[in-house]
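Peer 1: Attaching a single structure in structure tokens format; questions to follow.
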Amino acid sequence: MQERYDPAAVEAEAQEYWVQHHSFEPKEDGSRPKYYCLSMFPYPSGRLHMGHVRNYTIGDVITRFMRMNGRNVLQPMGWDAFGLPAENAAIANSVPPAKWTFDNIAYMKNQLKTLGFGLDWSRELATCRPEYYRWNQWLFLRMLERGVAYQKTGMVNWDPVDNTVLANEQVIDGRGWRTGALVEKREIPMYYLKITAYAEDLLDALKDMKEWPERVRAMQANWIGRSEGVRLGFPHDIETAGVLYAFTTRADTLMGVTFCAVAAEHRLAAVAARGNPQLAAFIEECKRGPAVEAELATQEKKGMATGLFVRHPISGAAVPVWVGNYVLMSYGEGAVMGVPAHDERDFEFAKKYGLPITQVIDVPGREYSLDAWKPWYSEHGRCVNSGKYDGLDYPQAVDAIAADLRTLGLGEKQTTWRLRDWGISRQRYWGCPIPIIHCRHCGAVPVPDEQLPVVLPEDLVPDGSGNPLLKDERFLKAACPKCGAEARRETDTMDTFVDSSWYFLRFACADNDKSMLDERVRYWLPVDQYIGGIEHAILHLLYARFWTRFMSEMGSVPFKEPFTNLFTLGMVLNEVFFRKPASGRIEYFNPADVTVTTDKITQKRVAVLRADGQEVESGGVVTMSKSKNNGVDPIELVGEFGADTARLFTMFAAPPDQTLEWSDEGVQGAYRFIKRLWKAVHDHVSQGPPPALEKSSLNDAQRAMRRQAHQTLAKVTDDLGRRRTYNTAIAAVMELLNALAKFPHSDAQERSVAQEALEIAVIGLSPIIPHVTHALWQALGHPQALIEVAWPAADAEALETSTVNMVVQVNGKLRGHISVAVDADEGSVRAAALADSNVQKFIAGAAVRKVIIVPRKLVNIVV
RNA sequence: GCCCGGAUGGCGGAACUGGUAGACGCGCCGGACUCAAAAUCCGGUCCUUUUGCGAGGGUGUGGGUUCGAUUCCCUCUCCGGGCACCA
């Protein structure tokens, strides 16, 4: 065995072994339990970032651990290869997005191999390949047939200078990111998927998904947003006799309505705007407003009276109709009843515009005043000032009012969802073409299955002014499948979330060119463990669940939930350094180019840019990103310390589901530990092979060492398998190694105990640092490769102990320690506790009121 | 604004089911080795007090439940994620 740890040589050899032996290319095998471990596939942005390393290391730890525990483990990898960044790169460099994407894939694949992940590359897929996206198209046609896909108009951001549709992220303060032009809204026809038809099932199923993090289930449930309420109608005679409908969860406050507010897009707003230029201008202003919910919700609440009135459904009183910029057309009926006394937004609105406020709910012991909003105003209580409903509580009032409305034909109880249908049309080039042909005579005609795939040309270079497909005659021209007339292809492409809504199924059968899925899906799916960033907690995961439900209905898959167990990891953060010139833009400096020292006198941290020796400011610790220039290149790290160090640090520095703060010193520490482990094995094996362990003849110190080794094994097994707290598993092995360093190594039995402890350390860490442990396992005298070794169980005999240490508290404060026999009864434990000299000091002269004994842990004496 | 998380020494974190707060690592201090430095090894390291044993305080804020609270409940503050066309 070499004395010096040489990561480059060790890692090349181990990786060579796994490739040669196809260690991670599992075949379907009905005789063995399968395990499908999947990390969210990356967008091929150019190079791996630390978030990828963290994500894929977790996946790899699970993969290797489950493999050693006898499972037939599949861990595939692919590329989420369509998307906006490729178009941006294309515009910047005049390269087709396809070339940019494929170059990036080649580069990043190499990076992944360098890190030693146990990936099955034989199943690799990229969503931008026609072999893949043809099935997007095929399934979209099935959805069209079943009415799950449908067409309606939707609003988009329009850049009037570039004549192009902008993504929300390309709109900065209401202006186009490239042109700076004021962004307009346009209503255009788009395709939608009817995810709302699955809302109830998507919500109900969450209750049984115990293996998903509670927070993700909560976020999804809130997103779907089931609301039980009442749909109520305000009759009117505007134009002709009609009814303005609104949805409310607070029908008990109906008698407190003093106005109604409608969205700018509401039909009544348009009616009122005729002949009212001021109102028309206000409506236009609202429509130009933000598209993003966060901005909508924080903008100043504004409104304008329409001059129209509707009638209160119960009292018949005239109720003024306003247009409000806080009313969403996309939720409920696009109109709300205004009850300023009991709704905070309505209260503010009424205050601002001088609308009346009528208290109709009374909460005992509380005094209502019109001066300022108080949180209790929106609490449930009893009806007052509400005529026949006075005295009713919330459920009684809602029932009574819903019943009366029903009699009047002006409403009923209703369940409303926050979830909206999924608009999948994107007016962009680098995506999966929507398989539709537009014919002058026949309208929008689906492309017949036998003409699939509709292939996206890969040689176009977008220039930022609209979708290049619109200018590509080869793509555009098509014969109408119905009448044969010359027709035009749909140029919209699909949202990239479509691509990622089923890729996990395709890994089971990526080589099938005849059908989307086959019987192998039944062996591998559902995914046993899915791992990805918390930022995907809602959209991606919800879309994938919806998609799987549709495929289940079609009979394509025998399950509705695609991911049995979900693990969400935290973000990777790093400190950000910058200089802010008196004028001009902030300049960010990469932390690798900055030296931070602590001033000995002032104790202040000082950051200096090495290039010029001048100080830079610290902007705190934030998510690693290109824009803040605070990323760390994982591959540079691998070059300097090896993949095992990169893996060990990312697993050790923080629990995997929480944010991880980057630390160069921490990386050094990880490297130091691996070197110590290497040296410990080297020093041990250089004395030659130890004799067989004679368990019965060990002395106390040897027995204790052995006990710690097996306790460590039990802890590591639990931390890796159940708790997924890789940081504490590593800490436990570090403790074991620290203990072993103090353990004598001279007689034969001591060396046998040490051999066993070292083997436990090496096996225990092997899922995390597989390369170095592969080499160390050989050095410890084993011909079989470590990846083929079965995960050991802790020896129950080694864990046995005769005495146990307990702490003694007096009134909850720690006062002493006692050592008692494991099987000591309460009486003797109590006696030992009371006999402790320090404890005596605190109970002297006081009456012992109570003694609480927690077996094997603690005694608390209450005096 | 709404929904979901988080906050513990100089720093990252540990304490799993309400039972010894600070494991493990980083940094720092002292020592060994060295002509010297690096690397490595050994010892120390929450704060106050004490020669020491010990004592007092301490888990973002303020309150509550309990023999006992980092852990449970309520309040507030700050930080992070998501908000439907970034992926």
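This table checks each residue for (1) under 25 Å from A:ALA741 (Cβ atoms); (2) more than 31 Å from the chain's Cα centre (by Cα); (3) in contact (Cβ under 8 Å) with a residue 40 or more places away in the chain.
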site: A:THR650; (1), (2), (3): no, no, yes
site: A:ARG676; (1), (2), (3): yes, yes, yes
site: A:ARG707; (1), (2), (3): yes, yes, yes
site: A:THR712; (1), (2), (3): yes, yes, yes
site: A:ARG722; (1), (2), (3): no, no, no
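Peer 1: Is it true that some residue in the range A:72-88 is of a type in the set (Val, Ile, Thr), assigned to a strand (DSSP E or B), within 27 Å of the chain's Cα centre (by Cα) and away from RNA strand B (no atom under 16 Å from the Cβ)?
Peer 2: Among the residues of the range A:72-88, at least one is of a type in the set (Val, Ile, Thr), assigned to a strand (DSSP E or B), within 27 Å of the chain's Cα centre (by Cα) and away from RNA strand B (no atom under 16 Å from the Cβ), which makes the answer yes.
Peer 1: I'm told A:ALA280 meets every condition in (1) more than 20 Å from A:THR240 (Cβ to Cβ); (2) assigned to a loop (DSSP other than H, G, I, E, B) except one. Can you identify the failing condition by its number?
Peer 2: Condition (2) is where A:ALA280 drops out.
Peer 1: Sticking with this structure for a sec: Which one of these is assigned to a helix (DSSP H, G or I), within 28 Å of A:GLU3 (Cβ to Cβ) and more than 15 Å from RNA strand B (Cβ to nearest atom): A:ARG676, A:ARG672, A:ARG706? Outline the logic, then answer.
Peer 2: Details: A:ARG676 fails: more than 15 Å from RNA strand B (Cβ to nearest atom); A:ARG672 fails: more than 15 Å from RNA strand B (Cβ to nearest atom).
From the options A:ARG676, A:ARG672, A:ARG706, the qualifying one is A:ARG706.
Peer 1: Can I ask one more? Has the range A:726-749 got any residue that is more than 11 Å from RNA strand B (Cβ to nearest atom), modelled with pLDDT under 95, assigned to a helix (DSSP H, G or I) and out of contact with any Cys (no Cβ under 7 Å at 6 or more places or on another chain)?
Peer 2: Yes, because at least one residue in the range A:726-749 is more than 11 Å from RNA strand B (Cβ to nearest atom), modelled with pLDDT under 95, assigned to a helix (DSSP H, G or I) and out of contact with any Cys (no Cβ under 7 Å at 6 or more places or on another chain).
Yes/no per residue for (1) under 19 Å from A:PRO770 (Cα atoms); (2) touching a residue at least 24 places away in the same chain (Cβ under 8 Å):
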{"residue": "A:ILE62", "(1), (2)": "yes, yes"}
{"residue": "A:VAL73", "(1), (2)": "yes, yes"}
{"residue": "A:PRO85", "(1), (2)": "no, yes"}
{"residue": "A:ASN88", "(1), (2)": "no, no"}
{"residue": "A:ALA92", "(1), (2)": "no, no"}
{"residue": "A:PRO97", "(1), (2)": "no, yes"}
{"residue": "A:THR101", "(1), (2)": "no, yes"}
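Peer 1: Across the range A:261-277, what is the number of residues that are of a type in the set (Val, Ile, Thr), in a helix (DSSP H, G or I) and in contact (Cβ under 8 Å) with a residue 40 or more places away in the chain?
Peer 2: The qualifying residues number 0.
Peer 1: Oh, and also: Just for the range A:318-350: of the residues that are part of a helix (DSSP H, G or I) and within 16 Å of RNA strand B (Cβ to nearest atom), which one is surrounded by the fewest Cβ atoms within 10 Å (Cβ to Cβ)?
Peer 2: Among residues in the range A:318-350 that are part of a helix (DSSP H, G or I) and within 16 Å of RNA strand B (Cβ to nearest atom), the one surrounded by the fewest Cβ atoms within 10 Å (Cβ to Cβ) is A:GLU344.
Peer 1: Residue under question is A:ASP463, and the condition is that it be more than 30 Å from A:PRO33 (Cα to Cα), surrounded by 16 or more Cβ atoms within 10 Å (Cβ to Cβ), of a type in the set (Asp, Glu) and in contact (Cβ under 8 Å) with a residue 60 or more places away in the chain; does it hold?
Peer 2: Spelling it out, it is not the case that A:ASP463 is more than 30 Å from A:PRO33 (Cα to Cα), surrounded by 16 or more Cβ atoms within 10 Å (Cβ to Cβ), of a type in the set (Asp, Glu) and in contact (Cβ under 8 Å) with a residue 60 or more places away in the chain.
Peer 1: If a residue must be touching a residue at least 60 places away in the same chain (Cβ under 8 Å), among the small types (Gly, Ala, Ser) and over 30 Å from A:THR196 (Cβ atoms), how many such residues does the range A:332-377 contain?
Peer 2: 2
Peer 1: Looking only at residues in the range A:7-25 that are among the charged types (D, E, K, R) and surrounded by 13 or more Cβ atoms within 10 Å (Cβ to Cβ), which one is nearest to A:MET77 (Cα to Cα)?
Peer 2: The selected residue is A:GLU25.
Peer 1: In the range A:481-584, which strands (runs of 3 or more DSSP E) lie fully inside it and hold 1 or more residues that are more than 26 Å from the chain's Cα centre (by Cα)?
Peer 2: A:486-489, A:572-579
Peer 1: Can you confirm whether the range A:502-517 contains a residue that is out of contact with any Pro (no Cβ under 6 Å at 6 or more places or on another chain), closer than 24 Å to A:GLN170 by Cα and within 16 Å of RNA strand B (Cβ to nearest atom)?
Peer 2: The answer is no, given that none of the residues of the range A:502-517 is out of contact with any Pro (no Cβ under 6 Å at 6 or more places or on another chain), closer than 24 Å to A:GLN170 by Cα and within 16 Å of RNA strand B (Cβ to nearest atom).
Peer 1: On to the next question. For residues that are within 15 Å of RNA strand B (Cβ to nearest atom) and either at pLDDT below 85 or not small (Gly, Ala, Ser) (or both), tally how many sit in the range A:173-182.
Peer 2: 4
Peer 1: I'm told A:VAL753 meets every condition in (1) touching a residue at least 40 places away in the same chain (Cβ under 8 Å); (2) part of a helix (DSSP H, G or I); (3) crowded, with 20+ Cβ neighbours inside 10 Å; (4) within 11 Å of RNA strand B (Cβ to nearest atom) except one. Can you identify the failing condition by its number?
Peer 2: Failing condition for A:VAL753: (4).
Peer 1: The conditions are (1) at pLDDT 95 or above; (2) buried (at least 20 other Cβ atoms within 10 Å of the Cβ), and A:GLU145 fails exactly one of them. Which is it?
Peer 2: Here A:GLU145 clears every test but (2).
Peer 1: A:GLN170 fails exactly one of the following numbered conditions: (1) within 19 Å of A:ILE91 (Cα to Cα); (2) more than 16 Å from RNA strand B (Cβ to nearest atom). What is the number of that condition?
Peer 2: (2)
Peer 1: Out of the residues in the range A:423-452 that are away from RNA strand B (no atom under 16 Å from the Cβ) and in a strand (DSSP E or B), state the one that is surrounded by the fewest Cβ atoms within 10 Å (Cβ to Cβ).
Peer 2: For the range A:423-452, the residue satisfying everything is A:GLY443.
Peer 1: Write out, first by first residue and then by second, each pair whose Cβ atoms fall under 9 Å of each other, whose residues are 6+ apart or on separate chains, and whose first residue, in the range A:816-831, is under 20 Å from A:GLU800 (Cβ atoms) while the second is of a type outside the set (Val, Ile, Thr) and part of a loop (DSSP other than H, G, I, E, B).
Peer 2: Close Cβ pairs satisfying both conditions: A:VAL820/A:ARG856; A:ALA821/A:SER802; A:VAL822/A:GLU800; A:VAL822/A:SER802; A:VAL822/A:ARG856; A:ASP823/A:SER802; A:VAL829/A:PRO855.
Peer 1: Let me ask you something else. Of all residues in the range A:362-409, how many are out of contact with any Phe, Trp or Tyr (no Cβ under 8 Å at 6 or more places or on another chain) and within 19 Å of A:THR249 (Cβ to Cβ)?
Peer 2: 19
Peer 1: If we keep just the residues of the range A:95-120 that are more than 21 Å from A:VAL461 (Cβ to Cβ) and among the hydrophobic types (A, V, I, L, M, F, W, C), which is surrounded by the fewest Cβ atoms within 10 Å (Cβ to Cβ)?
Peer 2: Here is the first cut: in the range A:95-120, the residues more than 21 Å from A:VAL461 (Cβ to Cβ) are A:108-120.
Cutting the leftovers down to among the hydrophobic types (A, V, I, L, M, F, W, C) gives us A:108, A:112, A:115, A:117, A:119.
On the way: A:MET108: 21, A:LEU112: 17, A:LEU115: 25, A:PHE117: 23, A:LEU119: 25.
Filtering the range A:95-120 for residues that are more than 21 Å from A:VAL461 (Cβ to Cβ) and among the hydrophobic types (A, V, I, L, M, F, W, C), the one surrounded by the fewest Cβ atoms within 10 Å (Cβ to Cβ) comes out as A:LEU112.
Peer 1: Next up: Of all residues in the range A:806-863 being touching a Lys or Arg at 6+ places or on another chain (Cβ under 9 Å) and among the basic types (Lys, Arg), which is nearest to RNA strand B (Cβ to nearest atom)?
Peer 2: Result: A:ARG815.
Peer 1: For the subset of the range A:645-682 comprising residues that are surrounded by fewer than 19 Cβ atoms within 10 Å (Cβ to Cβ) and in contact with a strand residue (DSSP E or B) (Cβ under 8 Å, 6 or more places away or on another chain), which member is nearest to A:PRO770 (Cα to Cα)?
Peer 2: Among those that are surrounded by fewer than 19 Cβ atoms within 10 Å (Cβ to Cβ) and in contact with a strand residue (DSSP E or B) (Cβ under 8 Å, 6 or more places away or on another chain), it is A:ASP657.
The values are calculated or read from the model by the stated rules, or taken from the named source; none is laboratory data. This is a predicted model, so every value here is computed, not measured. All Cβ positions, glycine included, derive from the backbone under ideal geometry; neighbour counts span all protein chains shown.
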